[in-house]
1. Of all the residues that make up region 95-128, how many are of a type outside the set (Gly, Ala, Ser), open to solvent by less than 60 Å² (accessible area, probe 1.4 Å), touching a Lys or Arg at 6+ places or on another chain (Cβ under 9 Å) and closer than 13 Å to residue 74 by Cα?
2. Could you please find all residues in region 95-144 being of a type in the set (D, E, K, R) and in a strand (DSSP E or B)?
3. Which residues, taken from region 164-203, are more than 32 Å from the chain's Cα centre (by Cα) and open to solvent by 70 Å² or more (accessible area, probe 1.4 Å)?
4. Pick out, from region 55-94, the strands (runs of 3 or more DSSP E) lying fully within it that include 1 or more residues that are touching a helix residue (DSSP H, G or I) at 6+ places or on another chain (Cβ under 6 Å) and at pLDDT 95 or above.
5. Check region 155-163 and report whether any residue there is open to solvent by 20 Å² or more (accessible area, probe 1.4 Å), β-branched (Val, Ile, Thr) and in a helix (DSSP H, G or I).
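The values are calculated or read from the model by the stated rules, or taken from the named source; none is laboratory data. Every value quoted in this text rests on a predicted model; they were computed, and no experiment measured them. Glycine gets a Cβ as well: all are built from the backbone with ideal geometry, and neighbour counts include every protein chain shown. When the accessible area is computed, the model is the full protein with side chains, heavy atoms only, and any ligands, DNA or RNA have been set aside. Shrake-Rupley method; radii C 1.70, N 1.55, O 1.52, S 1.80 Å.
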Amino acid sequence: MFTKGISGRQYARRGAGALAAAAVALALQTGTATASDAGTGEAPASAAHTAQAPAPAPAPAPAPASAVRITEGQVGEAAPGGTLLYPSVTSCLTVTVRLADGGLVGAHASLFQVPGEYRSDRVLGALRDRVGGRDVTAVEVRGAVGAWLPGYFTKAIESYGEGESVPFPAEPDPDGLAAAVADGLGQPRAKVTVTDVPDGDQTVR
């Protein structure tokens, strides 16, 4: 039998073509070959050139809640995480109600009535209405404790008529103030604290 001989150069070409075909077949099995790779017999592009999805941007931080300003004779409220600011507390008392959800409801009780605002024997009722039926964890009374009689929360200085003697405190009565505030707000006495603080602004967080 006669067998036609094959030159060494033909063997080299066949060997190179077989290797390229095997590489493409392997790439197709592993899903890394592209259509152009299969059509040309070229090896697939390096994974280093594969496009990467951009990383998601971080969520922006929440903006801080602004302070709610409560001046003399006013009642106000701050949402959970917020702040109450009572400016220029000199002869006044502030009453801050801490709610179970983290909110704050406050009153700036003025010893003498500011026109158009609550006087001292109306401010606790307004504060109680603002709180409503929400759960209360604590009540904080701060300010000029020595300037206040507990009775000012039930009869303001402006309520005394001509010829009536206006009573003034001879000494601080924090226990009496705590009891008066608890009664005015309909809260247990144990939840109320009273603190005498120097003149100036008060910030409650």
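1. Residues that pass the stated criteria total 4.
2. 98, 140, 142, listed by residue number.
3. 164, 165, 168, 170, 171, 172, 175
4. Those strands (runs of 3 or more DSSP E) span 75-78.
5. yes
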